[in-house]
Structure formats: structure tokens, C-alpha cells
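Since the structure comes first, as C-alpha cells, the remarks are kept for the end.
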Amino acid sequence: MIDRLNPGRRYSDAVTHNGVVYAVEVPVSETADIRNQTREVLAALDATLALANSSKERLLMATLYLTDMADYEGMNAEWESWLPIGAAPSRACVQVCALAHPGWRIEIAATAAVLG
Amino acid sequence: MIDRLNPGRRYSDAVTHNGVVYAVEVPVSETADIRNQTREVLAALDATLALANSSKERLLMATLYLTDMADYEGMNAEWESWLPIGAAPSRACVQVCALAHPGWRIEIAATAAVLG
Amino acid sequence: MIDRLNPGRRYSDAVTHNGVVYAVEVPVSETADIRNQTREVLAALDATLALANSSKERLLMATLYLTDMADYEGMNAEWESWLPIGAAPSRACVQVCALAHPGWRIEIAATAAVLG
């Protein structure tokens, strides 16, 4: 069974299937610095995972897209502050040329396990 | 069990495991505009998903790589026209520096549920 | 159940759940050419997959991030030499602007099936 959270014309906020939830989060603000935008993205991910019967303790894989690798340490400071000890997912982090909104500095795609 | 569709030296056209199919599609043409290239990619994805006993109604996650974010709206017009209402996957969309062929403007990696 | 290999503050070396392992590998060296860096990444992936009760024969999906598409053929030479015939995963390959360390020319995110 496939469970879609808020399916829109372009994407759903999350999709759950076979015990795994897939979610992508972007910042709320387009002018904030990397620490604020990372906090926004992680707060959105918390909310989405909760609605999908999952949580940051159950992350499996995360792909972090930054628009400037100079933001790497600022992103990591927020990431490490947010992530519970012992719950780190597999993680890729790359600098892309652009995200869909010019002011976005970070986008995170994540998969997590859902409670059975 | 792992089922590979057309395994080559570099990649398979699709790989199915545990009820999920993984597929990556690129354009046929290297000179077409974004709308045509998006249509080509989505037609290829339809064909691959059908061979894997899946379909666009069962998409879980899609990662869209564009080479120019100016193509975003053109891509979305085709994407929305193609995607059935209520079936949107989780979706990430980023602008990368280049794809494997210089003329490609889009590449899509997708996962979808297969019929049991 | 979620099984994390070497969970750190930022990432785990691999995460296994529901018969699938998620892993991301980067080069050891920051000055080597693409062939050497690709060999390093693939050797690291072999080691990680072995610890996760999987192997390169069980790859499902791979995302290859290059920092220069001029490295494409060199990467492919090592990739084809490494990959067993008939075991190719679904594969996306894109050129990003930068990876987390300036000298890295390649990063690979992979998912593979684990032995039941």
C-alpha cells in the first residue's frame, strides 16, 4: 500500500510504502542564512516524519543539497544539534548550482523507517 | 530476489527488489528543448515501469536533475500533464553542472512500488 | 529493525533496514586522479557492503557525483572493471559544483540488498 501525505500536482509532502517514508524538505525563508534555513528544513522534516509515523531517530538515508559549500560547517552545526546520538543516517552532501527558489541554500531528501 | 532489466556494463535499465523498482531515465535527443526532453524522459519512464510491473500511479520518490533552472517551469508543465492526480511522489529538483551528455537538459531517478 | 554501522555525529557508514543497506562512500585521497579516487571509493564500498552482509553483486541503485564530467570515462573504466557482469544497478551520474572536501572528484551513494 502507498500512503501519500498532501499529494499535490508536483509532489507529495511524503510518501510511505513498505515500511519506508520518502520526504523532501526545503526552507521556509529565502533570505535567512544557512543556520536558520537548516533549522527550518529540519523542523519541517520533524513535522513530516511525525505525520508519517516516523521520526529523526529512524532516519535511513539523507541527501543534502547545498548551493554553497562554504555553508557546510554552519549546516553541520545545526544538523549535529538536531540529530540524536546514535541515530545518524547514511548521508551524501553535495553542492549543486541552484535549487528551485534562488534564495534557498539547502534542500534535504530523506528516507526513514516507519513504525510497523 | 533482485530482478535486473537489461543489465549492461554500467547500469541496468531498472532493478526491482522487495517490492520497489529503481530506474533512471535520460532524454533520447540532445538538441530538443526542455519540454521535449522531459516528454522523452517520462515516456521512457512509463515504458520501464511497465516492464517492471509498476506504473506512474505507483511512484514513491523522484529526483530531477536539471542543467538550467530556467527550465523549471517547462519541465513542470510536462510533469504535471503526465502525472495522474493524487499520485505525486516525494520529489527533489536540483540544478547540476552537467549530465553525462552535453545536450541533456534533464535526468530523472525514480523509485516506484511494484504490484505484489 | 534499523542497523547502523559506525554511527557518528553526522552520518553512519551504512544503515540497514528491511533488507536494504544504504551507504555513501568518498575517496581516501584528495590529490589522486579520478581512476585512483574511483578505486578508493569502490574499495570502501566493498568493505562497507561486506560488513552489512551485502556485496557488489547485490547493488540496486547508485548515484555517482562527479566534480568534472571530463572524469566520466576514467570513472567508467574503473566502474566497469569493478562491477560483476550481470550485476549492474540502476545508476544516475551527475556533475555537481563541489563535494565536501575540495580535492574529492567523486562521491557514490548506493543502496544494495542484504542477505536475508
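Every number in this text was worked out from the coordinates using simple rules, so none of it is lab data. This structure is a prediction, so every number in the text was calculated from the model and none was measured. Neighbour counts run over all protein chains shown; Cβ positions are idealised from the backbone, glycine included.
Here are some notes:
- In this simple spin-label approximation, B:ASN18 and C:ALA50 carry label points 7 Å from Cα along the Cα→Cβ vector, and these lie 2.2 nm apart.
- Gain on full extension, evaluated as 0.36 nm per residue between B:ARG9 and B:ALA43 minus their Cα-Cα distance, stands at 9.9 nm.
- Rg/Rh ratio calculated on Cα atoms of chain C (Kirkwood radius): 0.96
- Seen from a random direction on average, the alpha-carbon convex hull of the range A:59-116 projects onto 4.7 square nanometres.
- Leading residue at positive end of dipole, chain C (Cβ point charges), from C:LEU115, C:VAL24, C:TYR72: C:LEU115
- The GluC sites (Glu not before Pro) found in the range A:1-94 that occupy coil by DSSP, while having at most 13 further C-beta atoms within 10 Å, are A:GLU30.
- Convex hull volume per residue in cubic angstrom - Cα atoms of the range C:7-49: 73 Å³
- Calculated label separations, A:ASP68, copies of the chain, 7 Å along the beta-carbon direction, nm: 2.5, 2.5
- Point-charge dipole on Cβ atoms (K/R +1, D/E -1) for the range A:37-89, about Cα centre, debye to 20: 280 debye
- Three-way shape label, the range A:43-90, alpha-carbon gyration tensor, a/c 1.5: prolate
- Taking the Cα centre of the range C:11-116 as reference, the dipole from Cβ charges on Lys and Arg (+1) and Asp and Glu (-1) amounts to some 300 debye.
- Plainly put, the tip 7 Å out from Cα toward Cβ on B:SER81 is 4.6, 4.6 nm from that tip on each other copy, the closest given first.
- Each other copy holds its own label point for A:GLY116; taking that point as 7 Å from Cα along Cα to Cβ, the gaps run 1.5, 1.5 nm, nearest first.
- Ranked by how many other Cβ atoms sit within 10 Å of their own Cβ, fewest first, the residues A:ASP46, C:ASP33 fall in the order C:ASP33, A:ASP46.
- Translational diffusion of the protein assembly as shown, estimated by Stokes-Einstein from the Kirkwood radius over alpha carbon pairs at 4 °C in a medium of 1.567 mPa s, is 65 µm² per second.
- Here the protein assembly as shown is assigned +1 on the Cβ of each Lys and Arg and -1 on the Cβ of each Asp and Glu. Its dipole about the Cα centre then comes out at about 800 debye.
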